[in-house]
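The values are calculated or read from the model by the stated rules, or taken from the named source; none is laboratory data. Source: prediction; values computed, not measured. Because the Cβ atoms are built from the backbone with ideal geometry, glycine has one as well, and the counts that use them run over all protein chains shown. Surface areas here come from the heavy atoms of the whole protein model, side chains and all, with no ligands, DNA or RNA. Shrake-Rupley method; radii C 1.70, N 1.55, O 1.52, S 1.80 Å.
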Amino acid sequence: MNKHRSSFQWIDLAPRSGAFLKVLAASLLALVLSACGGGSGGGAASVGAAAGPAGSVTGVAALTSATALTMNITGVTINSPPVVDFTVTNESGVGMAGLAATDLQFNVAKLTPGSNGDPGTWQNYINTAAGGAVQGSQERSAAGFAFGTLVGRGDGRYSYTFATDIRNAACPAPCTDADGRALDLSYQPGLTHRFTIQQGNSAYPRSSGIYDFVPNGGPGNKRDIVLTSTCNQCHVEVAMPGTTRIDTRLCVTCHNPGSWIAGTPGTPLDFKVMIHKIHYNNNGAALPSVIAGTPYKVGGIDYSRVVFPQDVRNCTKCHDGTAGAANASAQGDNWKTLPNMGACGSCHDNVYFGASPDPAKPYQTKAHTGGVMTDSSACALCHAAGKFTDAKDIVVAHSFPARLKAATAKFKYNIISATPTAAGSKPVITFSVTDPTNGDKPYDLKADAAFTATANGTSRLAVSIGWNTADFGNSGSVQNYGQPVSIDALASSAAGTAAGTYTVTSPVAIPAAQTGTLRVTIDGHPAGDVTTDGTFTDRLRVTSAFKDYAITGAVTARRLVIDIAKCNVCHGVLSLHGNNRTDEPGVCAVCHNPNATDAARRPATAGVLTGGVDGKLEESIDFKTMVHAIHAGQKSNGGTREKGITIYGFGGSLNDFSKVVFPGLLKDCAICHAGTSYQLTGTWAAPTANGILANTISTGTSASDPSDNLRITPIAAVCSSCHDTAVAKTHIQDAFNGGKFAVTQAVIDAAAPENCSFCHGPGKAFDVQVMHGVK
């Protein structure tokens, strides 16, 4: 008999209040799992630890009142079928009685050591045959599944006796992995074993119990690749659609090489393959198999359009073995040291390792340059870190994001002065670009390669002027009243009064009637030689900069709405428009304002708009509506938007955001907003009275005066960017609420203000914070 008890355990706690989750503010996202063989996200409990208590709880409370559940596996006995002892407590440590068999699911797997260059893998003992394939399973109280005996002691302590005797587990036909290799379900007490409990009833807060130990007390082995908390930096609570599995350590007990979907060819469900394939796509990159017309589907869901919102080569975003890293895990650097065919082939799926391509995989068009490989035993000879200095080294091949970041860190934009800034004047802006890594040494924009490589837009630098900071509209700018005055700083800069400074003069005067505060911005990208030394062809995503100057009165800063650090938890670096506008919402807002639409980019005949693919003549590109609508592209995860948004960009590019999948909890405003800027308070208690402009939905006839634009009132514009149903629109336009659609700004200014804060303001009956579940 093998018996192990310990007071130490791994717990995944997913606190929820009602139906709403709290954002786990770790600090960076996690999407792609281990490039070197799946992920466990956890670790082994203290193997061979002294016997601990059988588990104790304090008091008993009603299960239905819990806002969080903690499952603590306190011991496992393996005699015939395993017996697991565990406790269930609420957020206060009080025992939870009343969990039924239908609430719980159980699994057990062993960690098999790696061989022939492959890393160690989990193999679950509980499996099922599915249409000619083998898939990992669990014990649960449902038709078609085995279930053992659950005993509750009435005080939050439970025991479960498995129906499966893991010392003699059945292996369903065909008992192979997707490549035809035989599965080994034999009981090996010298290996690390993982027991898991899943709280499978969504009526209660979701939780998991995870327990690792070696039955015979030996040293065992570990597999700790990616942390659940790392995934949750973007996902908030990572889970496959329709499941209550919220811990990667639980997921890998089924999602390992022994699980697959039958077909020609079979679809692997191994984590290292599945997660890479799901997250591979981003702007400019896609799986070769997807490009060739073979989407990656699991459970009927096509993941081909899932977008990883940063460079897919940023492996350390998800798994990193560097001590002290935000997402550090014990084996987080396996991707550097254990390259293997399974992990590498999950993304590079156009490569075939055999003597010829697999006829069932027409997308296999490239022979492995190192020759025929029958296993992964030789992969590290060429591809492990430090073996070569060229792209064969896996770290070199995937280091572009880090090298680009290092090159970009050498540049900083500085706005030194703007004068005069009174109405009717043409401001002269003095600026510089310096190297903060070298004592802020200024660059010579006329001679340095970073700024002279201008062919095909490789290097660009522009200064813009917009007004006013109460709410940018740039009215009267003549060029395009929705847009600021933009000056090509590289083409028009002249030597300034001090070494390393340059000046540009606005070709357009500030409108004579303009008041308030002017904003000066710098954006663009120097050229870098990251890809090839000495060849300046890489666009460096330097953070844009701005500075405010008074036109009349004192300088008044624009409201702070978005926290860019929160954006970059998922995006890494938020850089758009050809890497010109980077990591500064205060610059973006100058163009993406209530007067601006994409009309200038939409199809037109003889200057008359003819309509886009979405049936609209134009779409607002104001940040407060566009960003909401983009991230609410798909209705899942709490979304209520019925129709996606399509934006026409530079060169008439078509950007359909209707399929955007937001990975977190969409309704949680705090994921993106700074502080309580989402609340209807302060400026937003009465936005029109506080200078916030209504959003243009139809531009008028004047090229310089937006007064005949048709608009939506500010609060109505924000709320309807997600809540776009007919019912929501009717509610917004209720006489008491005061929202208006398709009227001029003059009509809005003359009407009673929007009264939304009466019900939706802080502390009110339908407080935005409460309705959106923001903590």
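Determine the percent antiparallel among the DSSP beta bridges restricted to the chain, to the nearest 5.
Numbers: 106 of 112 bridges.
Here the share of antiparallel DSSP bridges comes out near 95 percent.
Please state the charge dipole magnitude for the stretch 669-775, taken about the Cα centre, from unit charges on C-beta atoms (+1 on K and R, -1 on D and E), reported in debye and rounded to the nearest 20.
Working: 5 positive and 7 negative charges, 54 e Å.
Dipole about the Cα centre, nearest 20: 260 debye.
Name the aspartates and glutamates eligible as straight-distance cross-link partners of K446: C-alpha to C-alpha under 19 Å, and not fewer than 8 places from it in the same chain.
Correct list for K446: D435, D488, D523, D529, D538.
Could you compute the net charge surrounding A589? Neighbours are other residues with a C-beta less than 10 Å from the C-beta of A589; K and R count +1, D and E count -1. Mind dumping the intermediate values first?
Values: positive: R519, R558, R559, K624; negative: D471, E584, D622.
The answer is +1.
Based on alpha-carbon atoms only, what is the radius of gyration of the stretch 627-775 relative to the globular estimate 2.2 N^0.38 Å? Show your work: numbers first, answer last.
Numbers: Rg = 16.0 Å, N = 149, 2.2 N^0.38 = 14.7 Å.
This ratio for the stretch 627-775 stands at 1.09.
Based on Cβ point charges of +1 for Lys and Arg and -1 for Asp and Glu, what charge dipole magnitude is obtained for the stretch 325-460 about its Cα centre, in debye rounded to the nearest 20? Write down the numbers at each step before the final one.
Values: 13 positive and 10 negative charges, 87 e Å.
Value, rounded to 20: 420 debye.
Please work out the C-alpha center-to-center distance from the stretch 253-293 to the stretch 716-769 and express it in whole Å.
With the stretch 253-293 and the stretch 716-769 each reduced to a Cα centre, they are spaced 45 Å.
Using +1 at the Cβ of each Lys and Arg and -1 at the Cβ of each Asp and Glu in the chain, identify which of G611, C672, F147 lies farthest towards the dipole's positive end.
Farthest towards the positive pole: F147.
Tally Lys/Arg at +1 and Asp/Glu at -1 over every other residue whose Cβ is under 12 Å from the Cβ of I465; what's the total?
Local net charge: +2.
Report the relative contact order of the chain, percent, no decimals, based on alpha-carbon pairs under 8 angstrom and at least 6 residues apart.
On the way: 1894 pairs, mean separation 80.0, N = 775.
Computed over the chain, the figure is 10 percent.
Averaged over every viewing direction, what's the projected area of the C-alpha convex hull for the stretch 543-681? Give it in nm², one decimal, please.
Values: hull surface 42.0 nm².
Spelled out: convex hull of the Cα atoms, projected over all directions, averaged, 10.5 nm².
Taking only C-alpha pairs under 8 Å that are 6+ residues apart, what is the relative contact order of the stretch 536-601 in percent?
Numbers: 43 pairs, mean separation 24.9, N = 66.
The value is 38 percent.
How compact is the stretch 478-590 by the rule of thumb for globular proteins, expressed as Cα Rg over 2.2 N^0.38 Å?
On the way: Rg = 16.6 Å, N = 113, 2.2 N^0.38 = 13.3 Å.
That ratio works out to 1.25.
Within a Cβ distance under 15 Å of C379, other residues only, what is the Lys/Arg minus Asp/Glu net charge?
Details: positive: K272, K336, K387, K392; negative: D118, D375, D393.
Net charge around C379: +1.
Carbon-plus-sulfur fraction of the accessible area of the chain, 1.4 Å probe, in percent? Mind dumping the intermediate values first?
Numbers: 18020 of 32170 Å².
About 56 percent, which is the carbon plus sulfur part of the accessible surface.
Placing +1 at every Lys and Arg Cβ and -1 at every Asp and Glu Cβ, with all other atoms neutral, what dipole size does the chain have around its Cα centre, in debye to the nearest 20?
Numbers: 57 positive and 54 negative charges, 103 e Å.
Its charge dipole is roughly 500 debye.
To the nearest Å, what is the center-to-center distance of the stretch 528-582 and the stretch 400-437, using C-alpha atoms only?
If we compute the Cα centre of each part, the gap is 10 Å.
For a 25 Å ceiling on Cα separation, which of these pairs sit above it: K277/K624; K297/K361; K277/K387?
Values: K277/K624 33 Å; K297/K361 15 Å; K277/K387 27 Å.
Distance filter (> 25 Å) returns K277/K624; K277/K387.
With the cut-off at 24 Å, tell me which of the pairs K110/K392; K566/K659; K729/K775 have Cα atoms farther apart than that. Could you put the intermediate results ahead of the total?
On the way: K110/K392 33 Å; K566/K659 22 Å; K729/K775 27 Å.
Violating the 24 Å Cα-Cα cut-off are K110/K392; K729/K775.
Compute and list, largest first, the equivalent-ellipsoid semi-axes of the stretch 264-404 from the alpha carbon gyration tensor, each √(5λ) rounded to a whole angstrom. Write down the numbers at each step before the final one.
On the way: eigenvalues 115, 81, 38 Å².
They are 24, 20, 14 Å, listed from largest to smallest.
Hey, what's the Cα Rg ratio for the stretch 155-276 versus the globular rule of thumb, 2.2 N^0.38 Å?
Values: Rg = 16.2 Å, N = 122, 2.2 N^0.38 = 13.7 Å.
Taking the Cα Rg and dividing by 2.2 N^0.38 Å, one obtains 1.19.
Bins of 10 Å, beginning at zero and ending with the bin holding the largest distance: percent of Cα pairs per bin for the stretch 369-511, please.
Bin by bin from 0 Å, the calculated values are 10, 27, 23, 17, 10, 9, 4, 0.
Mind checking the per residue accessible area of the chain for me, 1.4 Å probe, whole number of Å²?
On the way: 32170 Å² over 775 residues.
Per-residue accessible area for the chain comes out at 42 Å².
Could you sort H577, H279, H731 by accessible area so the largest value comes first, with the probe set to 1.4 Å?
H731, H577, H279
Check T597: other-chain or 5+ apart residues with amide H under 5 Å from its amide H, H built from backbone geometry?
Counting only residues 5 or more places away or on other chains, the set is I621.
Could you tell me which residue out of G553, S493, G524 lies farthest along the dipole of the stretch 439-583 toward its positive end? Charges go on the beta carbon: Lys and Arg +1, Asp and Glu -1, centred on the Cα centre.
Farthest towards the positive pole: G553.
For the chain, what are Rg and Dmax over the alpha carbons, in angstrom?
For the chain, the Cα-based Rg and Dmax read 29.4, 90 Å.
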